[in-house]
Amino acid sequence: MNKHLFLPNLKGGADLAFLLLRVLVGVFLIHGVWDNVVSLARMAEFTTFLADHKSPLPGLAAPLSVYAQLICGALILTGLLTRWAGLIMALNFVVAMVLVHLDQSLREQFPALVLIAISLVLATHGAGGYALDAILGGKRR
């Protein structure tokens, strides 16, 4: 079969694609929790939201989730400790699925499902070449 059918030359753009993915996800995660970081009232609202969804220890779960997303968002954005950040975010959004999204439509579940999938891709594939992981790990091309 013709090898060009499988577009092997696109593999050369993988590092750039991972950079774009990381920037989008990192900024999204940080933006999504920033209001909770800078406002005690918004954090209290999130705590109440988790309590309403039967979260165990919502007073602990809310800041844990918020600061995990903030820190992991920054790590993903910069490509530092990306595999760890991916694992933590996958777990965070699996918990969100179980607590909040299971009774929702697929359209409503989709953002959490996509964040689980992207987090698992980052955990298993790493950050790509344009990342602090690659620079500090000596694998920058």
Test: residue in segment 60-80 that is closer than 21 Å to residue 18 by Cβ and in contact with an Asp or Glu (Cβ under 8 Å, 6 or more places away or on another chain): yes
Selection from segment 104-141 of residues that are in a loop (DSSP other than H, G, I, E, B) and out of contact with any helix residue (DSSP H, G or I) (no Cβ under 7 Å at 6 or more places or on another chain): 104, 105, 137, 138, 139, 141
Test: residue 44 is among the small types (Gly, Ala, Ser), part of a helix (DSSP H, G or I) and without any contact (Cβ under 8 Å) to a residue 12 or more places away in the chain: yes
Candidates 122, 80, 50, 106, filtered to the one that is surrounded by fewer than 15 Cβ atoms within 10 Å (Cβ to Cβ), modelled with pLDDT of 95 or more and among the aliphatic types (A, V, I, L, M): 106
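The values are calculated or read from the model by the stated rules, or taken from the named source; none is laboratory data. Treat the numbers as computed from the prediction; the structure is a model and nothing was measured. Reconstructed Cβ throughout: ideal geometry from the backbone, glycine too, with neighbour counts over all protein chains shown.
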